[in-house]
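The values are calculated or read from the model by the stated rules, or taken from the named source; none is laboratory data. A quick note: this is a predicted structure, and the numbers were derived from the prediction, not measured. Don't worry about glycine lacking a Cβ; one is built from the backbone with ideal geometry, like all the others, and counts go over all protein chains shown. In case anyone asks, the SASA skips ligands and DNA or RNA and just uses the protein heavy atoms, side chains included. Shrake-Rupley method; radii C 1.70, N 1.55, O 1.52, S 1.80 Å.
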Amino acid sequence: MARYRLGIDIDGTVTCPTALVPYLQQSFDQNLRYEDITAYDLGIVLGKSAEEMYDWFMAHQEEIYINSPIAEGAAPVLRSWAECHDLFFISARYDYLDDITEQWFISHDIPYHHIELTGNHDKIAAARRLEVDAFLEDKLDNAININKALNIPVILFDTPYNQAELPDGVYRVTSWQQVDAILKAQLA
């Protein structure tokens, strides 16, 4: 099998997509459920302004990132991939969070070859520069844009906030085992 370069988002893919829910419940709505988060923009879901959500996130991001649980099934798949593929984690996290991010990977025993914190959701330039062969993402428009710009398979982790019809080349999954099977088929 050839060695591939995999671009992998962190939050909502490697970390459990429900990680934000307890923080949102504590700050905004005790009754909020993961299933209620039907838009990526949390301000829309919570009826808050972009500024309010930005301020809230900036105040809580470090704690959230430190305490985010790993997504079910991610660790064994990523460990097996590290033996035969290059794992490039590309995240919208700000670059000053690099130590927290690296410590999270170490504490969960998740291998990586490179971690790129872009500070924004546009990951195309990083994915292009790193010459990734496939990408794993949870943000719908990112998945579609990466697929279109780079003409590579993109795996979209199924969440309540990314529901829409997908173009060819973007594959919706509900488990890391499905990701593994799709990548084996697409990169063969």
Got a sec to turn the phi values of the stretch 41-52 into Karplus ³J(HN,Hα) couplings, 6.51 cos²θ - 1.76 cosθ + 1.60 with θ = phi - 60°, whole Hz, x for Gly and Pro?
6, 5, x, 5, 5, 9, x, 10, 6, 4, 5, 4
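So which chymotrypsin sites (Phe, Trp or Tyr not before Pro) in the stretch 88-188 are both in a DSSP loop and have at most 15 other Cβ atoms within 10 Å of their Cβ?
Values: sites: Phe88, Phe89, Tyr94, Tyr96, Trp104, Phe105, Tyr112, Phe135, Phe157, Tyr161, Tyr171, Trp176; in loops: Tyr94, Tyr112.
For chymotrypsin sites (Phe, Trp or Tyr not before Pro) across the stretch 88-188 that sit outside H, G, I, E and B with at most 15 neighbouring Cβ atoms in 10 Å, the list reads Tyr94.
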Between Thr174 and Gln103, what's the calculated FRET efficiency when r is the beta-carbon distance and R0 is 22 Å? Round to 0.05.
0.15
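Could you pull out the longest piece of the chain with no exposed loop trypsin sites (Lys or Arg not before Pro) in it, calling a site exposed if DSSP puts it outside H, G, I, E, B and it has at most 15 other Cβ atoms within 10 Å? Please list the in-between numbers first.
Values: sites that count: Arg3, Arg33.
For trypsin sites (Lys or Arg not before Pro) (loop position, at most 15 other Cβ atoms within 10 Å), the longest site-free span of the chain is 34-188.
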Could you go through the stretch 174-179 in sequence order and give the Karplus-derived ³J(HN,Hα) for each residue, using 6.51 cos²θ - 1.76 cosθ + 1.60 with θ = phi - 60°, rounded to whole Hz, and x for Gly and Pro?
10, 8, 5, 5, 5, 4
Out of all DSSP beta bridges with both ends in the chain, state the antiparallel percent to the nearest 5.
5
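Hey, what's the stretch 1-113 come to in accessible area per residue, 1.4 Å probe, Å²? Present the calculation step by step, with values, prior to reporting the outcome.
Details: 5850 Å² over 113 residues.
Result: 52 Å² per residue.
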A correct Karplus calculation of ³J(HN,Hα) over the stretch 91-102, with 6.51 cos²θ - 1.76 cosθ + 1.60, θ = phi - 60°, whole Hz and x for Gly and Pro, returns 10, 7, 4, 6, 5, 6, 9, 4, 5, 4, 5, 4
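With +1 on the Cβ of every Lys and Arg and -1 on the Cβ of every Asp and Glu, and nothing else charged, how large is the dipole of the stretch 141-188 about its Cα centre, in debye rounded to the nearest 20?
Values: 3 positive and 5 negative charges, 24 e Å.
The dipole magnitude comes to about 120 debye.
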Determine, from the Cβ-Cβ distance of Glu35 and Ile66 and an R0 of 30 Å, the FRET efficiency 1/(1 + (r/R0)^6), rounded to the nearest 0.05.
0.75
Heavy-atom accessible area with a 1.4 angstrom probe orders Tyr65, Tyr4, most exposed first, as Tyr4, Tyr65
Taking the Cα centroid of the stretch 23-46 and of the stretch 144-188, what is the distance between the two, rounded to the nearest whole Å?
25
